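First comes the structure, then the notes that go with it.
Quick note: the coordinates plus some simple rules give every number you see, no bench work behind them. This structure is a prediction, so every number in the text was calculated from the model and none was measured. Glycine also receives a Cβ, built like all others from the backbone with ideal geometry; neighbour counts cover every protein chain displayed.
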Amino acid sequence: EIFVTTKLWNDDQQNVQQAMETSLEKLKLEQVDLYLMHWPCPEKDNYVDAWKKMIELQQQGLTKSIGVCNFHEAHLKRLLDETGVTPVVNQIELHPMLQQRTLHAWNALHQIQTESWSPLAQGGKGVFDQEIIKSLAKKYGKTPAQIVIRWHLDSGLVVIPKSVTPARIEENFKVFDFRLDKHEVSDIAKLDSGNRLGPDPETFN
């Protein structure tokens, strides 16, 4: 089954309808499964109006669901307060070094699915060489990447590991024949250092 997601880029927050129609034309589709606003861009302060337009797109049947990326709690609260419509997904940078547990918990409380981007921390740098990751990889006969992906899943996250290599893509799927126990999940959680590798949503515009 193919699930199609596309995104509203920052420069198109004031041109949502046209941006969506352009995406559908490029995809040769009449509807996508999920449409995401890429960043809040708080300095420009267009994200609430853009969200209202995305609600209209859903009502038009151009997308089945709508969500956001890189939104912090304050951004999400504004959407809920001003529109009453909750994003189904909040896609955020999340990996063992930046776990954003408070935001993940807030999302869960409001029935927003947290989705991890950069889940392997840019190729596993600073993660794959950690002793807990190496020991679990040996225990389960898995690669470090598979251990980290499984940690995301066992933490209640949707995970999107990025790869253009067919063998690596296939490897990333082979994580459903084992589970980490709660102590192992907790041990990996201890790697959290607040190390953000991508832009800060509060300042990225």
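Cross-link partners among lysines for K52, C-alpha distance below 28 Å, same-chain residues fewer than 8 apart left out?
Partners within reach: K7, K26, K28, K44, K64, K77.
Longest exposed-loop-site-free stretch of the chain, with trypsin sites (Lys or Arg not before Pro), DSSP loop and at most 14 other Cβ within 10 Å?
Result, exposed sites excluded: 45-124.
Given springs between every Cα pair under 10 Å in a Gaussian network model of the chain, which of D177, D49, D33 has the largest fluctuation?
D177
Treat every Asp and Glu Cβ in segment 22-90 as -1 and every Lys and Arg Cβ as +1, leave all other atoms uncharged, and give the resulting dipole magnitude about the Cα centre to the nearest 20 debye.
140
Through the Karplus equation 6.51 cos²θ - 1.76 cosθ + 1.60, θ set to phi - 60°, convert the phi angles of segment 116-126 into ³J(HN,Hα) values in whole Hz; use x for Gly and Pro.
Karplus values, whole Hz, x for Gly and Pro: 8, 10, 6, x, 9, 6, 6, x, x, 4, x.
What is the pair-distance distribution P(r) of the chain, computed from all Cα-Cα distances in 10 Å bins starting at 0, with each bin given as a whole percent?
Pair shares across the bins are 8, 33, 33, 20, 6, 0.
So how do L80, L157 line up by other beta-carbon neighbours within 10 Å, fewest first?
Arranged by neighbour count, lowest to highest, L80, L157 become L80, L157.
Lys and Arg at +1, Asp and Glu at -1: add these up for the other residues within a Cβ distance under 12 Å of P201 and post the number.
In short, -4.
Run lengths n ≥ 4 of DSSP H only: what is the helix-derived mean residue ellipticity at 222 nm for the chain, with -39500 (n - 2.57) per run over all residues, to the nearest 500?
When only DSSP H runs of four or more count, the value is -12500 deg cm²/dmol.
To the nearest Å, what is the center-to-center distance of segment 1-63 and segment 79-152, using C-alpha atoms only?
24
About the Cα centre of the chain, what is the dipole size in debye to 20, counting +1 per Lys and Arg Cβ and -1 per Asp and Glu Cβ, all else neutral? Please report the intermediate quantities before stating the final value.
Values: 23 positive and 28 negative charges, 139 e Å.
Roughly 660 debye for the chain.
Please give the helix 131-140 orientation as an angle from the longest Cα principal axis of the chain, in degrees from 0 to 90, rounded to the nearest 10.
For 131-140 against the chain, the angle is about 80 degrees.
In terms of Cα to Cα distance under 26 Å, which lysines are near enough to K174, apart from those fewer than 8 places away along the same chain?
The qualifying lysines are K125, K134, K138, K139, K142, K162, K182, K190.
Please list 3J(HN,Hα) in residue order for segment 196-205, calculated via the Karplus relation 6.51 cos²θ - 1.76 cosθ + 1.60 where θ = phi - 60°; whole Hz, with x for glycine and proline.
Result, ordered by residue: 7, 9, x, x, 8, x, 6, 10, 7, 9 Hz.
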